[in-house]
Amino acid sequence: MTATAAVATTTDQSSRKRPARRSVRTLVVILTAGALLRLWALGAVGFNSDEAVYAGQAASIAGDDVLTPLFPVFRAHPLLFQTTLSLMFLGGVSDVAARLLPVAFGLGTVVLTYLLGKRMYGRQAGLVAAALLAVMPYHVVVTRQVLLDGPLTFFAVLTAYCVTRFCLDGERRWLHFAGAALGLAVLTKEIAVILGVAILVFFLLRRDIHVPWRTAAVSGAVAAAIMIMYPLSLQFAGRSGTGQNYLWWQLFRRPNHDLAFYVETVPLAIGPAVLLLAAAGLWLLRRKGTWRETFLLCWILVPLSFFELWPTKGYQYLVVIAPALTLLAARTVVHSFPVWPPVRAAVIVTSVLSLAVPSWLAITAPPSAAFLAGSGGVPKGREAGEWMRANLPEGAAVMTIGPSMANLVRFYGNRKSFALSVSTNPLRRNPSYVPIDNPDRQLRQGELNYVVWDAYSATRTTFYSQQLMTYVHRYRGVLLHTEELDVAGRTTPVIMVYEVRP
C-alpha cells in the first residue's frame, strides 16, 4: 500500500468514526436529561400500594426480620424484579434506594430504544426515538416508581431488538435470544406473554420473512425453559395455588375502570406530538412501508387490544407500547423531512420540549388529595406509617378502608393491617389479601386496636369509608394523629389514625 493510499484509508476511517462519536455524545446528553427527570426529588413522596408490596417482597427475600412476617414472598407476580431488588436491601431497606432500580431500567430502555431505532431506521432515528422516550411523561413517571412495568418494558425492547436483528440478518441465534429475552419479560410480569402473541401475529402477517420451524421451536423452548422457573418455584415452595387463585380472580373480578380509561389518561401522558407524528408517518410514508411498521404496529395493537378488554386497567400497563410509538414518530421526523434539515430540527426540538415540560411539571407538582394508582406515591403515606411505627405498640393490628393503605401501614408502620373493603368471598378478592371476617367481633375482642381513615380510599369507596367511621364512633374512637396536605391554600386532612376500645 502506498503512502497516499494509507492516508486515504485513515481519512475514511476517521470520517466513519465521527458520526458514531457524535451519536455517543448526543446519547449521553439524552441520558443526562432522562436521568435528571427520573432522579429529581425521587424520595419526596413515599411509596404507593404496589411499590410497598414489591419492596416488601424484596425485603422478605433479603431476609429482613421486620418485614418478612408482613410481606409473603409469593404473591401475585413472578419475582425477577423483586429478587434483583433484594440485593439492594442486603444493607438495609430504603424506599429511595428501591426506586433507583426502576430508574436504571428506564434509562436502559432509552439506550435499547436507540439501538433498535438505529437498526430499523438509521442512527438519527434512533437518537430521536431515544430522546422522545427519555423525556416522555408516561415513561418518566412509571420508571420513578417501584413497579414491574418499567423493567417489563426494558425486556420488551430487548426482545424487539433481537427479533429485528433476526429479520435483518437472518441469523437464527437472534430468534433464540429473543426467546430468552421474552422469558425474562415473563419472569418480570406474567402478562408479558402477550408480547409473544404480538410476535407470532407479526410472523403470520409477514410471510416474506421466513422462520424455519426448527428455529421457532428452539426459540419457544428457550422462552418456556425460562418462564417455567416461576411455576416451579411455586411448586417447590408449596404455593402452587397462589398463581392459580390470582389468575382466577383477575379473570372474573369486576372492572376497576370503564372502557374509556386509557383513552382519557394515556394519550396526554405519551404526548400528543408523539401520537401525531407516529400516525402522520404511517400515512405519509405508506408507500414505503416495510415489515418494520408491521412489527411495530403488532407491538402496539396487540397489547392495547388486550388491556382494553382485560377487566383490570392500570395507569402504567400500556407503558410497554411507548418505545414502539417513539420509533414510529422518529421514522416520520427523519424520513419525511430528509431535505429540510431546519424543519426537521424544529420538529424535533418542539416535540422534545412538548414532552419535557409536562414531565418536569409532573415530578415537581405539589402533593394532591386526589390520587390515581400507578401515577406516583401516596402523599403523607410514609409519614403516617412512620408515626405508627414510632407510637403504636408492637403487635398492634390496624383496620383500614382499603388494601392500599393497609400495605403502606405494613411497610412503613411495620404493623399488621387489614382492609375493611376486602371481600370475604374468595372469588371477589385478591387472594393476596386477608379479609376481616367479622369487624364487630374482632373490634370487641381487641383483635383490631387501631383504625386508619384516608382520603384517597374514601374518594374511591364512600360506602366503606362511612362504614369504617361507624365503627370508630361505635367503639369510642380517639383521634391520635392526623396527616394534612395544603391543597390550594387550604389545609386538608388526608390520613387519620384512631385508637378504638372494646
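The values are calculated or read from the model by the stated rules, or taken from the named source; none is laboratory data. Values in this document were obtained by computation on a predicted structure and should not be read as measured data. As a convention, Cβ positions derive from the backbone with ideal geometry for all residues, glycine included, and neighbour counts pool all protein chains shown. Calculation scope for accessible area: heavy atoms of the full protein, side chains included, ligands and nucleic acids excluded. Shrake-Rupley method; radii C 1.70, N 1.55, O 1.52, S 1.80 Å.
Quick grid of which residues meet (1) closer than 19 Å to L184 by Cβ; (2) of a type in the set (S, T, N, Q); (3) buried (at least 24 other Cβ atoms within 10 Å of the Cβ):
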residue: V66; (1), (2), (3): no, no, no
residue: T83; (1), (2), (3): yes, yes, no
residue: L107; (1), (2), (3): yes, no, no
residue: T113; (1), (2), (3): yes, yes, yes
residue: H139; (1), (2), (3): no, no, yes
residue: F154; (1), (2), (3): yes, no, yes
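Just need a number here: residues in the range 384-424 that are of a type outside the set (G, A, S) and within 24 Å of the chain's Cα centre (by Cα). Talk me through it step by step, then tell me what you get.
Taking the range 384-424 as the starting set, the residues that turn out to be of a type outside the set (G, A, S) are 386-389, 391-394, 398-401, 403, 405, 407-412, 414-416, 418, 420, 422, 424.
In the following step, the residues that additionally are within 24 Å of the chain's Cα centre (by Cα) were identified as 403, 405, 407-412.
Of the residues in that region, 8 qualify.
Could you count how many residues in the range 303-326 are touching a Phe, Trp or Tyr at 6+ places or on another chain (Cβ under 7 Å), touching a residue at least 40 places away in the same chain (Cβ under 8 Å) and not charged (D, E, K, R)?
At the first step, the residues of the range 303-326 found to be touching a Phe, Trp or Tyr at 6+ places or on another chain (Cβ under 7 Å) are 307-308, 313, 317-319, 321-322, 324.
Still in the running and touching a residue at least 40 places away in the same chain (Cβ under 8 Å): 307-308, 313, 317-319, 322, 324.
Filter once more, keeping what is not charged (D, E, K, R): 307, 317-319, 322, 324.
Total satisfying the criteria: 6.
State which residue pairs qualify: first residue in the same structural domain as A181 (by TED's automatic domain parsing) and inside the range 147-159, second residue charged (D, E, K, R) and open to solvent by less than 10 Å² (accessible area, probe 1.4 Å) in any location, beta carbons under 9 Å apart, and separation of 6 or more residues or different chains.
Filtered contacts from the range 147-159: L147/E51.
Which condition number does I300 fail, the rest of (1) free of Cβ contacts under 8 Å to residues at least 40 places away in the same chain; (2) closer than 19 Å to V334 by Cα; (3) surrounded by 16 or more Cβ atoms within 10 Å (Cβ to Cβ) being met?
Condition (2) is where I300 drops out.
Looking at this structure, is F89 buried (at least 24 other Cβ atoms within 10 Å of the Cβ) and in the same structural domain as Q316 (by TED's automatic domain parsing)? Explain how you work it out, then say what you get.
Working: buried (at least 24 other Cβ atoms within 10 Å of the Cβ): no; in the same structural domain as Q316 (by TED's automatic domain parsing): yes.
When the stated conditions are applied, F89 does not pass them.
Just need a number here: residues in the range 39-52 that are modelled with pLDDT under 95 and part of a helix (DSSP H, G or I).
So the count comes out to 2.
Go through the range 269-295 and count every residue that is without any contact (Cβ under 8 Å) to a residue 60 or more places away in the chain, in a helix (DSSP H, G or I) and open to solvent by less than 50 Å² (accessible area, probe 1.4 Å). Walk me through it before giving the result.
Quick first cut of the range 269-295, residues without any contact (Cβ under 8 Å) to a residue 60 or more places away in the chain only: 275-276, 278-290, 293.
Checking which are in a helix (DSSP H, G or I) leaves us with 275-276, 278-284, 286-288, 293.
Now narrow it down to the ones that are open to solvent by less than 50 Å² (accessible area, probe 1.4 Å): 278, 280-281, 293.
Here the count works out to 4.
Within the range 448-502, which residues are among the aromatic types (F, W, Y) and either touching a Gly at 6+ places or on another chain (Cβ under 6 Å) or open to solvent by 50 Å² or more (accessible area, probe 1.4 Å) (or both)? Step through it out loud before you land on a result.
Let us first name the residues in the range 448-502 that are among the aromatic types (F, W, Y), namely 450, 453, 456, 463-464, 471, 475, 498.
F463, Y464, Y498, listed by residue number.
All but one of (1) out of contact with any Gly (no Cβ under 8 Å at 6 or more places or on another chain); (2) of a type outside the set (A, V, I, L, M); (3) at negative phi hold for G170; state the number of the condition that does not hold.
Status for G170: all satisfied but (3).
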